[in-house]
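Right, one structure below, let's go through it.
Each value in this text was obtained by applying a stated rule to the coordinates, not by laboratory testing. Values in this document were obtained by computation on a predicted structure and should not be read as measured data. So basically every Cβ, Gly included, is an ideal-geometry build from the backbone, and we count neighbours across all protein chains shown.
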Amino acid sequence: MPYYRKPIGFFRRPIDFCESGQNNFVNFLALIFQTFGISLISHGEKWGNFRSTVNPVLMQPKNVRLYLNKMAQVNDEFMARIRQIRDPETLEVPASFQEEMNRWTLESVSVVALDKQLGLITTNRDNPDLKKLIGLLNDFFELGQKIEFGLPFWKYIKTPTFKLFMKTLDGLLEIGNKYVNEAIDRLEAERQSGVPEKPENEKSVLEKLIKIDRKIATVMAIDMILAGVDTTSTTFTALLLCLAKNPGKQEKLRQEIRQILPRKGSQFEPSSLNHIPYTRACIKEALRMYPLTLGNARILANDTVLSGYRVPKGTLVSMISTGLLHDDNHYTKAKEYLPERWMRPTKEEAEDSATCPHVLKASSPFIYLPFGFGPRSCVGRRIVEMELELGIARLVRNFRIEFNYPTENAFKFKLINVPNIPLKFKFTDVEN
């Protein structure tokens, strides 16, 4: 039988993840998209130059926290939308709630990528471009899975799936370019009209990138939109399911949030996010229970020894971590949702081996890598983390979350894991 693919190396030892993470990887997705003629995902010197430009802007927490109030406003609109669409009798939201979460994540990421709100949750719900954009994002992952995991005939002939994928991508880039250019033109018009230039520490991410290179600003903004919607909404879905099925953990989280938001309408302070360790632990544990991907995959740029084998450069290696995340050999009580495993122990806990959270921690830090590892780690990590933290904080402060349906096969794989069940969450108002 002929082979239609180059060999792939699969590895499950955490130490191999570490060794691989030190390797100067070539991004295998870059090679796929090069075939399409797409420059959003690159590698080598081109990628290095790109990351050296955007990292100081996007990876600095102080830059991302400039958006705290704007993202908080998006969350307030999302809370109002939940109250509007839930059934007055059952308090359950419709089965199509996933679309509402996609709108929330796209609205949140647009605050950073485009320096404006699009009105997806409230005032601009029926905008045809935005509705089309949400549909195209779904098609992008659906078709991308078929192309990447099917026989790659598209490399030799333009198959119907390939043509449809290219049409989808063209649509995404067209709409993305339109909104990015509008944002850039708006900022330029403000400058020319005499609006005083902001101090450097108050400039938005888009403003800072435009000042460096307009093309890089455009590429980064579109990349954030393409990569920041389904990934974040899937993670948020996982978090809601975990909290709904573990009411004790949800209540513990709510008590922490009450400390920074004494009332439902309390506003976030810049220092608020410094005092939510259990919130972060809940998010981390949800990503362990329901990982976004099967693992990490890259093409080795150098010969590397993995599991005792010398793997030649140019080999695609896949580090499959999904099974390890649920393995009792690597995580104590691996099947249980225990955010405490990510907490620092108190002095009393550290002295008691039975209650110390360290007992629950992973056998290796290289098993849990939701944002990647090394130079290829997710450039939007800070944005996603703040989006999730603000979102879940506001949600549990307003509602008790329940899900009264089975959660078996809750997700399916489409390049990333996406919800596979109707998300009819029940949202009951909590006391002020």
Task: Extension reserve of the LYS132-LYS245 stretch, reckoned as 0.36 nm per residue once the Cα distance is removed - done: 37.3 nm
Task: Taking the range 220-318 and dividing mean pair separation by its residue count, relative contact order in percent (alpha carbons under 8 Å, at least six apart) - done: 23
- [ ] Extending each Cα 7 Å along its Cβ direction at GLN255 and SER363, get the distance between those two points in nm, one decimal.
- [x] 3.4
- [ ] Mark the label point 7 Å from the Cα of GLN60 along Cα→Cβ and return the residues of the range 179-219 whose backbone N is within less than 14 Å of it.
- [x] 199-212
Open item on the list: Give me LEU369, LEU325 sorted ascending by neighbouring Cβ count inside 10 Å, so fewest comes first.
Closed with: LEU325, LEU369
Task: Distance between modelled label sites at ALA80 and ARG214, nm, 7 Å Cα→Cβ extension - done: 3.6
Task: Difference of contour (0.36 nm per residue) and Cα-Cα distance, THR122 to LYS155 - done: 7.6 nm
- [ ] Indicate the gyration tensor shape class of the range 165-246 (rounded, prolate or oblate), computed on the Cα atoms with a ≥ b ≥ c the square roots of the eigenvalues: a/c under 1.5 is rounded; otherwise a/b larger than b/c is prolate and the rest oblate.
- [x] oblate
- [ ] Rank these for me by crowding, TYR405, TYR331, going from fewest to most other beta carbons within 10 Å.
- [x] TYR405, TYR331
Task: For CYS378, CYS282, order by how many other beta-carbon atoms lie within 10 Å, fewest first - done: CYS378, CYS282
TODO: Would you mind computing, in nm to one decimal, how far apart the modelled labels at GLU197 and ILE320 are, each placed 7 Å from Cα along Cα→Cβ?
DONE: 5.4
TODO: Holding the Cα-Cα limit at 27 Å, pick out from LYS249/LYS333; LYS131/LYS245; LYS155/LYS313; LYS203/LYS249; LYS62/LYS414; LYS158/LYS313 the pairs that are longer than that.
DONE: LYS131/LYS245; LYS203/LYS249; LYS62/LYS414; LYS158/LYS313
Task: Cα-based reach from LYS335 at 17 Å (exclusive), listing aspartates and glutamates while leaving out same-chain residues under 8 positions away - done: GLU285, ASP327, GLU408
